[in-house]
Amino acid sequence: MSDPKDFLTTQTGTLLEKESEDRFWLNMGPQHPSTHGVFRILLETEGEIVKNVVPIIGYLHRGVEKISENREWMGALPLTDRMDYLGAMSNNMALTLPVEELMELEVPRRAQWLRVLALETNRLASHLLFYGTLGLDLGALTPFFFAFRQREIAQYLLELLSGQRITFNYIRYGGVRLDITTPIEREFRKFITGFRPAYEEMWNLVEGNEIFRTRIIGVGKSTPELLIKHGVTGPILRASGVKRDLRKDRPFAAYDEFDFDVITHDKGDTYSRWYCRYKEMGESLKIIEQCLDGMPDGPHIKKMPFFFKPPPGEIYSVTDTPRGDLGVYIVSDGSRFPYRVRYRAPSFCNLSVLKELLYGTGIGDVIAILGSFDPVFGEVDR
């Protein structure tokens, strides 16, 4: 077999070059409806069966880590929104945690609860997008509209809370940027009331659809051993039966004060990954309601100067996001600028298992499996 790199300069569309009498290299992406111009996969196929996979990334590289080292600590925070732009709240949280730990900063309890409210609303919006786009990738248009009707309301709530629709920059060192007001709380409660029947409706829409079930049940099966070997985390790992969730295992913010279940499934296939994310939406709704019912009094942020100097030291911190564990390694030399910032992005680790997972599947299943991983390439390429 020739080196796939020999074909990288010859792609002109789909079919690249005939490898032998039975094998072809197929070019999927970056200009493909399911890769959105930011991801490319070279597939070696034998008929309709995938025999080799070469993922190609880097289309969305912007140098976030190096730019962060040339900005003040406060200036590095908005860059996190641009990595996983579908789970930007979690990215804000990821950078604030190690800095607060390094500075031994005590965050007000109300601020921690507001963080949980923002994180779970953002998780809900992210999973709604997954629900809609996976169906769209498989040819189901109706679930997309059902999901985006609810997602639009969730995005509206995040805008009310933070002032922004996507790149929130809401979670700050020492707390959150804005407090919740009574009118905003009313909008949250209105959303909860309306989401419950819609949530059940979304389940009935696809769970009983035989075409949808046929496309995802038993497709792209993985084992816990394979996923752990590749450092896969989040809903993908939980879909293989591993009950691991940092919100429970290593609680941050105020998650240890909330009652919710860790959703798992034991099949490890595309259906299991869909199931875990769908059920997690219900758990997020439970947490949001608990936030509103039990919000403690107090300040929403600990006041601190815009320009500050953490003490010299290094620290690694990890937080849970809609896509898995996001790790952040920072080094401070005692100045206003980070000496080193390094991210461990969950989507990058999750994609590393694709080659083994796609081997032996049909070409038609590649999109279903990739869609069930729900990657965001802003954090893959950074």
Only residues of region 93-110 count here: report those whose backbone N is under 14 Å from the spot 7 Å along Cα→Cβ of E257, or say none.
107-110
Please list 90-98, 234-242, 54-62 highest first by mean number of surrounding beta-carbon atoms within 10 Å per residue.
90-98, 234-242, 54-62
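Rounded to the nearest 0.05, what FRET efficiency do R196 and L160 give with R0 = 30 Å and r taken as the Cβ-Cβ distance? Could you check? List each step's numbers first, then the result.
Working: r = 20 Å, r/R0 = 0.68.
Efficiency computed from Cβ-Cβ geometry: 0.90.
Take the alpha carbon gyration tensor of region 217-372, find the square roots of its eigenvalues, order them as a ≥ b ≥ c, and report rounded if a/c is under 1.5; if not, report prolate when a/b exceeds b/c, else oblate.
Details: a/c = 2.93, a/b = 1.48, b/c = 1.97.
Oblate, because a/c is 1.5 or more while a/b does not exceed b/c.
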May I ask for the angle, rounded to the nearest 10°, between helix 182-207 and the longest principal axis of the chain, with both axes built from Cα atoms and the value confined to 0 to 90°?
20
Using only the Cα atoms of region 65-163, build the gyration tensor, take square roots of its eigenvalues as a ≥ b ≥ c, and label the shape rounded, prolate or oblate: rounded if a/c is under 1.5, else prolate if a/b is larger than b/c, else oblate.
prolate
Give, in nm to one decimal, the length gained when the segment between L178 and I217 is fully stretched (0.36 nm per residue of separation minus the Cα-Cα distance).
9.7 nm
What is the calculated FRET efficiency for T142 to E187, with r their C-beta to C-beta distance and R₀ = 30 Å, to the nearest 0.05?
0.65
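Take peptides 74-80, 118-124, 304-310 and line them up by average Cβ neighbours within 10 Å, highest first, as a rough protection proxy. Let's see the in-between values first.
Values: 74-80: 19.7, 118-124: 27.4, 304-310: 13.4.
Top to bottom by mean Cβ count within 10 Å: 118-124, 74-80, 304-310.
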Simple spin-label estimate for D266/F307, 7 Å along Cα→Cβ, in nm, reads 6.0
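If contacts are Cα pairs under 8 angstrom and at least 6 residues apart, what is the relative contact order of the chain in percent?
24
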For a label point 7 Å from the Cα of F337 along Cα→C-beta, name the residues of region 63-107 whose backbone N is under 16 Å from it.
64-77
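Using r as the Cβ-Cβ distance of D22 and I56, and R0 as 41 Å, what FRET efficiency do you calculate, to the nearest 0.05? Don't jump to the answer; show the numbers that get you there.
Details: r = 24 Å, r/R0 = 0.58.
Here the calculated transfer efficiency is 0.95.
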If you take the square roots of the eigenvalues of the alpha-carbon gyration tensor of region 232-324 and sort them as a ≥ b ≥ c, do you get rounded (a/c under 1.5), prolate (a/b over b/c) or oblate?
oblate
Charged-residue dipole, Cβ positions (Lys, Arg, Asp, Glu), the chain about Cα centre, Debye nearest 20:
780
Helix 88-103 versus the longest principal axis of the chain: what angle, 0 to 90°, nearest 10, using Cα atoms?
50
What is the helix-to-structure angle for 109-137, meaning the angle in degrees between its Cα long axis and the longest Cα principal axis of the chain, kept from 0 to 90 and rounded to the nearest 10?
20
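Just so you know, all these numbers are worked out from the coordinates, no wet-lab data involved. The structure presented is a predicted model; accordingly, all values stated were derived computationally and were not measured. Positions of Cβ are generated from backbone atoms using ideal geometry, with glycine treated the same way; all protein chains shown enter the neighbour counts.
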